[in-house]
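No value in this document is a laboratory result; all are computed from the given coordinates. Since the structure is predicted, the reported quantities are computational estimates derived from the model, not experimental observations. So basically every Cβ, Gly included, is an ideal-geometry build from the backbone, and we count neighbours across all protein chains shown.
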Amino acid sequence: MKKWAALAFGLVMAFASAASAAEDSRGTLGEIVKAKKIVIMNDLSAAPWQFRDANGNAAGFSVDLNRLIAAKLDVDLEMRNVEWAGLIPGLLARKSDILATSMSTTFKRAQQILFTQGSWYSTGVVAIVKPENKDKSWEELNQEGKRIAVKAGTNAVDAAKQFFPKAELQTYPNDVDTYQALKTDRVDATLNDLAVLGVVKAEYGFEAMTAPRQLITTDTWGFAVRPGDTYTWQFLDFFMAKIKESGELDALKAYWVDGETWKADFLQKNSGVSEERKKLVELLGIGAYVPESNGNRMSLQ
């Protein structure tokens, strides 16, 4: 009897362990829901995608996407500001639950992290120069004596190595440093994403070279998780599909990319935001995460 009792107890414990394992099978997503908090690292140095506004708060297209993810999960959001080159190492070291930022999907990165199948933006790398050089061909940059600035860890680094192997490549920790290098004639051009051109042109007067074509390379932006974290990966793919279906992604694009209102809302110190911004926040349901509505469910480190 004792032997059968021991066997029965063993079976019960085995089933209990299996049930517990099933509960934990959601991986990082299960941990997020249990902790009621999601941690997302970002590099707040590239308006309008992710940046610090005039009041020092996090703002931008991808920041709103981070808030929307947290809102859909009904969890608090902790954002950590790090340099771009630290994003993937931070994810792999579990310092960030996911990556949901303006990251290009590349073969090199896909060997380290698991990208969503769906993308949230399509764009490409361009050569940004002073206006007097905009009508030249960017192919002329591929020669000895030419200097090109890029932000470390970005898709622009790969583009520079592929298309400008003869030029001197200079890497900087953030976008602003590359623009300052171009402004002070320390480099002949900076490679960056077409998506930042509007802001760079308004701030510095720089232009993108369009010959022989404007886009040097094309790419898409996706979210990412750690290898093997399939449940979280599936959730983010589902999230992406649903916000496209609902029109929420289009609404974000209309405000942050197609419009200009965000500049007055976030690049100038003020005590409030536009009605357009208020309507967007209401549509997305992220009021609890934004400082302009005294939201307290988001923190920034």
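One table, with the values for the structure above:
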{"read-out": "Entries in K95/K201; K161/K263; K201/K269; K37/K201; K36/K244; K108/K278 that, when Cα-Cα distance is taken, lie over 28 Å", "value": "K95/K201; K161/K263; K37/K201; K108/K278"}
{"read-out": "For Q50, net neighbour charge (Lys/Arg +1, Asp/Glu -1) across residues whose Cβ lies under 14 Å away", "value": "-2"}
{"read-out": "The chain: most fluctuating residue of A93, A208, A47 per GNM, C-alpha cutoff 10 Å", "value": "A93"}
{"read-out": "Furthest towards positive pole of dipole, S45, L99, W256, structure part the chain, Cβ charges", "value": "L99"}
{"read-out": "Student exercise, the chain dipole from Lys, Arg, Asp, Glu Cβ charges, in Debye to nearest 20", "value": "960 debye"}
{"read-out": "Mean ellipticity per residue at 222 nm, deg cm²/dmol - from DSSP H runs of n ≥ 4 across the chain, formula -39500 (n - 2.57)", "value": "-11500 deg cm²/dmol"}
{"read-out": "Residue-wise HN-Hα coupling along the stretch 249-265, computed from phi with Karplus coefficients 6.51, -1.76, 1.60 (Hz; x: Gly, Pro)", "value": "5, 5, 5, 5, 5, 4, 7, 8, 10, 7, x, 10, 4, 4, 5, 5, 5"}
{"read-out": "For the chain, Kirkwood radius (reciprocal of mean inverse C-alpha pair distance, Å)", "value": "21.0 Å"}
{"read-out": "Virtual spin-label span in nm between N142 and Q214, 7 Å along Cα→Cβ", "value": "2.2 nm"}
{"read-out": "Distant-in-sequence amide H partners of V82 (H built 1.01 Å from N, under 5 Å)", "value": "N42, D43, L44"}
{"read-out": "Mean separation of Cα contacts under 8 Å (6+ apart) over length of the stretch 143-219, as relative contact order %", "value": "32 percent"}
